[in-house]
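Enquirer: Below: one structure in structure tokens.
The values are calculated or read from the model by the stated rules, or taken from the named source; none is laboratory data. Please read these numbers as outputs of a predicted model, since none were measured by experiment. Reconstructed Cβ throughout: ideal geometry from the backbone, glycine too, with neighbour counts over all protein chains shown.
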Amino acid sequence: MLAAFFDNPELMFMTIGALVGVAASVLGAFLVLRGTSLYTDAISHSVLLGIVLVYLATGEVNSPYQLVGAAAAGLLTVYLSELLTSSRLLKRDAAVGLVFPALFALAMLLIGLYARRVHIDADAVLLGELAFAWLDTVPIGEYAVPRSLVTMGIIALADVLFVGLFFKELKLATFDAGLARALGFRPRLLFYGLLFLTSVTAVGAFDAVGAVLFIALVIVPPAAAHLLTDRLWLMVIGGGAIALFASAGGYWAAMRWDVSIGGMMAVVNGLILLAAFFLGPRHGLLARLLRGRRQRAEAHVRMLLVHLYTHEGDEQAERENAALALEHHLRWPAEQARRVVAQAEALGLVTSEPEGQRLHLTGAGREAAREVLEPWRRR
Amino acid sequence: MPGLEILSDFTVRNALIGASLLGVVSGVLGTFAVLREQSLIGDAVSHAALPGICLGFLIAGTREIWPLALGALAAGAAAALAVLALTRYSRLKPDASLGTVLSTFFAAGTVLLTYIQNRQLPGQAGLDSFLFGQAAAVLPEDLWFMGAVALVALGAVGLFWKEFKLVAFDPGFARSLGLPVALIEAALTAMIALAVVVGLQLVGVVLMVAMVIAPGTAARQWCRRLETTVLLAAGFGAASGILGTMLSLLGRGLATGPLIVLVATGLAVVSLLFAPGRGAAWKAAARRRARAAIEDRHILAGMWQLAQSHGDAAYAVEQGMLDAMYGAGARGALERLERQGLVEPVTHMSEEGLHWRLTPEGRKAAAAEPLSPSPTVRGE
């Protein structure tokens, strides 16, 4: 059973991709909600500097110090950006955009100068290649397990544990940092913890998906889930589920067309978000369009009821409460007037006489009109 | 440092001309992006150029600059509009919209790139050099193209100067005047794609965002008018381009793109720190000076009051007493006052240590400025 798993590269790739996706998206949910998800962009680029510096210092590409160095570089980026922002000389986005390209450029320069022959190829770092995961294995028991599977497994576990343990605190700090501080939680510390884990996850994800695609995995699944639900825990779990689905679907599509696995996973995530954007149940474009139309139609029916109610029983009723009057007095085009009357009739609020087109309120219609005009009478 | 004759070298000359064109265009357009707080849109637009380049190659089948740049332009503009649409029509915050578009477009780019590479299509070699740029690959016909794009971008800015300026500073007022603000904003954002196209071969899509942000940020520190800011940003941009290219000639393995970016960032950091009036270091120094001046005046007033209450204009105050009243800063303040000739040290009684008294000028200054002698309030 285990052997079947470890000897199946396909399953292995998908598992690594899924681990990266889940690890990234549970953290991403809070970053997206806080409006600081672009720190991911900055972190995932500047992590390269940490990797290069640690390589130059230790001469090893795969030492555990990598995680430390890269996480430090990631936090440094955030710290420098916040420092620049707090000087109030420039806005946060400009600060972020000033810091991380510089650190990335520095890393590129160092690679070009000192690390040409090692496997820190800038392209690979940027794009990643999941297929190479198989080349670097560690023995566990009798199986050769890809190193990134082990690393990502540990990192994903840490991320999920962090979010699970501090869910309440994270929730509070995300939605009301002021209250969290007043209650004695440490929202800033929590935030830096979140970014620290993001940096660590970025390093782990580097080999598998590369820097830019890591951004996709952090931001896109939670963002898509955010379009679909209003509950935080659903958003966190939904983001994870979307990431899982995207890693499986992305792997399949990548094999089908023989293209980059990580890239395809990110593209599938993007497509899911696009679908959520258009088809989401409450906040989707289509749902909002339909809701708008329904509300407009309801408002028209209410207007008709009120119009009929106002003139009911006065001397102009004969003239006003006729289908023709709607065109003249409410300025409704004939087509619209017919539609509104038909709608009101279908709802049992209005009846019309066939000849003369005189309109009458039913009991329910009168009640509804009274509710609009005299809401205090409502029982 | 290589001699000047290297400037006549064909490749170097092309790279230098290209780099300065890039600097000018990105400086001018970037200034507007920075002022409109849309800095990172440049990041999305530049990353989005990658799928555009690949599509351009797939459609045209050659590695010529025109189809690739057209693809980059179209994809960049599409990304900019996608960011605007996601921000406006969904509940995502701007940062999430931006991150989503940036990463998804770039992912599509890598997918297309691997598609092209794995099929060994003819003429695809070096397509990935657009990731980080490759200055040595700039050809004269590319320069013509860059020049044309630069002309279009700068021409548009010149033509719509008034409108762009108004939208950058006060979109609400612009709307009340009946200007199509949404259209102008979309145009300004999409035009960043023009700068990206110019920078493709030199800096590449990944680092382009720095060229959009850094020169504008740097120029903003020195100027108070949009006209001068834009001109200076163009200058800073061109200077970064030229300087970065020259530095890359110094040794093997020095990549041009990263160097250009580092020079631009360096200029921005220096400007942020030292620009007169707005620079952080400048402000800190001004704050220190102001605090010192207040301390000086407190001590002057304190000594004046002591002198008056002792009925002796030349009353000598013990250093220790001033220390106790004004804290550790008193010593430095007294030295400053001595340099100004307002106080002088006296040996009052040999065993009692240093004393200070007001000079005639000091008395005049203290009398002219009646200030409360209360010691500066210090934190615990």
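Enquirer: Of all residues in segment A:55-94, which are surrounded by fewer than 23 Cβ atoms within 10 Å (Cβ to Cβ), under 21 Å from A:Y192 (Cβ atoms) and among the aliphatic types (A, V, I, L, M)?
Expert: Passing the criteria: A:L67, A:V68, A:A71, A:A72, A:L75, A:L76, A:L80, A:L83.
Enquirer: Output the number of residues of segment B:172-186 satisfying the condition of being among the hydrophobic types (A, V, I, L, M, F, W, C), assigned to a helix (DSSP H, G or I) and without any contact (Cβ under 8 Å) to a residue 24 or more places away in the chain.
Expert: Step one: filter segment B:172-186 for residues among the hydrophobic types (A, V, I, L, M, F, W, C), giving B:173-174, B:177, B:179, B:181-184, B:186.
The next check asks that each one be assigned to a helix (DSSP H, G or I); those that pass are B:173-174, B:181-184, B:186.
Now restrict to residues that are without any contact (Cβ under 8 Å) to a residue 24 or more places away in the chain: B:173-174, B:181-183.
The total comes to 5.
Enquirer: A further question on this structure: Sort out which residues of segment B:11-41 are of a type in the set (G, A, S) and modelled with pLDDT of 85 or more, and write them in order of number.
Expert: B:A15, B:G18, B:A19, B:S20, B:G23, B:S26, B:G27, B:G30, B:A33
Enquirer: Scan A:T36, A:T85 and give me the residue that is β-branched (V, I, T) and not in a helix (DSSP H, G or I).
Expert: Values: A:T85 fails: not in a helix (DSSP H, G or I).
The conditions single out A:T36.
Yes/no per residue for (1) in contact with a strand residue (DSSP E or B) (Cβ under 6 Å, 6 or more places away or on another chain); (2) closer than 19 Å to B:Q38 by Cβ; (3) in contact (Cβ under 8 Å) with a residue 12 or more places away in the chain; (4) among the basic types (K, R):
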position	(1), (2), (3), (4)
B:L202	no, no, yes, no
B:I213	no, yes, yes, no
B:R278	no, no, yes, yes
B:K283	no, no, no, yes
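Enquirer: Somewhere in segment A:245-261, is a residue under 11 Å from the mean Cα position of the chain (by Cα), free of Cβ contacts under 8 Å to residues at least 24 places away in the same chain and surrounded by fewer than 24 Cβ atoms within 10 Å (Cβ to Cβ)?
Expert: Going through segment A:245-261, the residues under 11 Å from the mean Cα position of the chain (by Cα) turn out to be none.
Taking every residue of segment A:245-261 in turn, none turns out to be under 11 Å from the mean Cα position of the chain (by Cα), free of Cβ contacts under 8 Å to residues at least 24 places away in the same chain and surrounded by fewer than 24 Cβ atoms within 10 Å (Cβ to Cβ).
Enquirer: Among the residues of segment A:53-95, which ones are at pLDDT 85 or above and of a type in the set (F, W, Y)?
Expert: The answer is A:Y79, and nothing else.
Each row is one residue, and each column tells you yes or no for (1) outside the structural domain of B:V212 (by TED's automatic domain parsing); (2) free of Cβ contacts under 8 Å to residues at least 60 places away in the same chain; (3) farther than 22 Å from A:L84 by Cβ; (4) of a type in the set (K, R).
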{"site": "B:T245", "(1), (2), (3), (4)": "no, no, yes, no"}
{"site": "B:I260", "(1), (2), (3), (4)": "no, no, no, no"}
{"site": "B:G302", "(1), (2), (3), (4)": "yes, no, yes, no"}
{"site": "B:E318", "(1), (2), (3), (4)": "yes, yes, yes, no"}
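Enquirer: Follow-up question, since we're still on this one. Do we find that A:A122 is within 7 Å of chain B (Cβ to nearest Cβ) and at pLDDT below 70 in this structure? So that I can check it myself, show each step before the final result.
Expert: Details: within 7 Å of chain B (Cβ to nearest Cβ): yes; at pLDDT below 70: yes.
Judged against the criteria, A:A122 is a match.
Enquirer: Go through (1) within 11 Å of another protein chain (Cβ to nearest Cβ); (2) closer than 21 Å to B:V203 by Cβ and name the single condition B:I65 misses.
Expert: Answer for B:I65: the failing condition is (1).
Enquirer: Quick one: how many residues across segment A:223-242 are assigned to a helix (DSSP H, G or I) and more than 13 Å from chain B (Cβ to nearest Cβ)? Walk me through how you get there before you give the answer.
Expert: Here is the first cut: in segment A:223-242, the ones assigned to a helix (DSSP H, G or I) are A:223-228, A:232-242.
Narrowing further to those that are more than 13 Å from chain B (Cβ to nearest Cβ): A:232-234, A:236-238, A:240-241.
So the answer is 8.
Enquirer: Looking only at segment A:21-68, count how many residues are farther than 23 Å from B:H47 by Cβ, without any contact (Cβ under 8 Å) to a residue 24 or more places away in the chain and of a type outside the set (S, T, N, Q).
Expert: Residues in segment A:21-68 being farther than 23 Å from B:H47 by Cβ, without any contact (Cβ under 8 Å) to a residue 24 or more places away in the chain and of a type outside the set (S, T, N, Q): 7 in total.
Enquirer: Which of the residues that make up segment B:309-345 are assigned to a helix (DSSP H, G or I), more than 13 Å from B:G362 (Cβ to Cβ) and not small (G, A, S)?
Expert: Pass one, segment B:309-345, residues assigned to a helix (DSSP H, G or I): B:309, B:319-326, B:329-339.
After this cut, where a residue has to be more than 13 Å from B:G362 (Cβ to Cβ) as well, the list is B:309, B:319-326, B:329-332, B:335.
Passing the criteria: B:Q319, B:M321, B:L322, B:D323, B:M325, B:Y326, B:R331, B:E335.
Enquirer: Taking the residues in segment B:104-163 that are within 9 Å of chain A (Cβ to nearest Cβ) and assigned to a loop (DSSP other than H, G, I, E, B) as candidates, determine which candidate is surrounded by the most Cβ atoms within 10 Å (Cβ to Cβ).
Expert: So the residue we want is B:L131.
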